[in-house]
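Taking it in order: structure first as structure tokens, then the write-up.
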Amino acid sequence: METHNLRTFISVVESGSFTKTAEQNFISSTAVMKQINRLENELETQLFIRFSTGVDLTPSGKVFRKYAEEVIKLTDDVYADCHKADGTAQTIRLGTSLLHPSAPFMQTWHRIKAQVPNYQLQITQLSNDLTASNREYAMLGRDFDIMIGTFDRATTRSLVQAIPLGTYQFGIAVRSDNPLATQAIVSIGDLQDQTLLMVPNGVSEKNDQLLHEILRINPNISINYTTGRYDINVFNKAVNDNSALISLTPWENIHPNLVFVPLKTSIQVEYGILAAKTTDMKVQNFINLIRHALG
């Protein structure tokens, strides 16, 4: 009985759906069903009752859930204790790029790394930053193990497991010859005569909240929407069009021709360590240790 199938079983229990589990783990619904069918064949019992709207545990499934969770925990503990005993360092690949910088994690890592024995970080350059909603998270567990990024209920909470580290602040990025570039802070009212560049509704919960606040204060403001999440071309467009780009603190120095000015708003964006919803023992044990170290 493979632990990978057990982790998929637990994911289905928590999501209540083969389809949702597939979306969260970036695999097909057929792949999820095959793993569950394999477990049911091995156990010679049905674990789920299938409905058109989702699934529910059978009495046997409820019993199996307890043992599956115990087996997963024991497997993770065995993996960690064995590597702790032989002193071998395990490498965790930290994905990084201009739009997903690892710098916000480094101070925390140096503070807690003594509490995370036998692990070392390897920086992995992301090949590109994709613009389609949440596509970059599909690389978790494939091209790299963890990344530092934003998350919220509307988007990534259902796709990844996250360890909060702090909050990013909204700001605007404008050309140095823009009148707003000299201000210490910009209010939403100050944006009235600007053309804003920002992601469209539905990509990010916090961006949606900010968009609602902007339109409430300046209902006639001119807004150009991107086709999805930012890539480096969006910053070039802000320069070329002399637009006021809605930005975040980690992107303060991303473009030499743009000046970042904080935006006066109470809306903040959570960021933290992101890992795949279902991952291997090495990464899951690392995540568990980080959670414990951060309290």
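Tabulated data
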| read-out | value |
| --- | --- |
| Cβ-Cβ under 6 Å pairs, at least 6 apart or on other chains, the range 28-48 side assigned by the TED database to the domain that holds PHE18 and free of Cβ contacts under 8 Å to residues at least 24 places away in the same chain, far side open to solvent by less than 60 Å² (accessible area, probe 1.4 Å) and among the aliphatic types (A, V, I, L, M) | SER28/ALA22; SER29/ALA22; GLU40/LEU47 |
| Within the range 169-228, considering residues that are assigned to a loop (DSSP other than H, G, I, E, B) and charged (D, E, K, R), the one surrounded by the most Cβ atoms within 10 Å (Cβ to Cβ) | ASP193 |
| Any hit, the range 239-247, residues being open to solvent by less than 70 Å² (accessible area, probe 1.4 Å), polar (S, T, N, Q) and more than 21 Å from VAL203 (Cβ to Cβ) | yes |
| Residue check for VAL234: of a type in the set (Val, Ile, Thr), at pLDDT 95 or above, surrounded by 16 or more Cβ atoms within 10 Å (Cβ to Cβ) and within 14 Å of VAL174 (Cα to Cα) | no |
| Set ILE214, ILE223, ILE185: member being outside the structural domain of ASP152 (by the TED database) and either touching an Asp or Glu at 6+ places or on another chain (Cβ under 6 Å) or more than 16 Å from SER243 (Cβ to Cβ) (or both) | ILE185 |
| Extreme residue, most open to solvent (accessible area, probe 1.4 Å), among residues of the range 90-127 that are under 19 Å from TYR271 (Cα atoms) and part of a loop (DSSP other than H, G, I, E, B) | LEU98 |
| Selection from the range 12-34 of residues that are modelled with pLDDT under 85 and open to solvent by less than 20 Å² (accessible area, probe 1.4 Å) | THR21, ALA22 |
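For (1) of a type in the set (Asp, Glu); (2) modelled with pLDDT of 95 or more; (3) in contact with an Asp or Glu (Cβ under 9 Å, 6 or more places away or on another chain), each residue gets a yes or a no:
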residue: GLY54; (1), (2), (3): no, no, no
residue: LYS66; (1), (2), (3): no, no, no
residue: GLU69; (1), (2), (3): yes, no, no
residue: HIS83; (1), (2), (3): no, no, no
residue: ALA89; (1), (2), (3): no, no, no
residue: ILE92; (1), (2), (3): no, no, yes
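The values are calculated or read from the model by the stated rules, or taken from the named source; none is laboratory data. Since the structure is predicted, the reported quantities are computational estimates derived from the model, not experimental observations. Note that each Cβ is placed from the backbone with ideal geometry, even for glycine, and that neighbours are counted across all protein chains shown. Accessible surface is based on the protein model in full, side chains and every heavy atom, while ligands, DNA and RNA are left aside. Shrake-Rupley method; radii C 1.70, N 1.55, O 1.52, S 1.80 Å.
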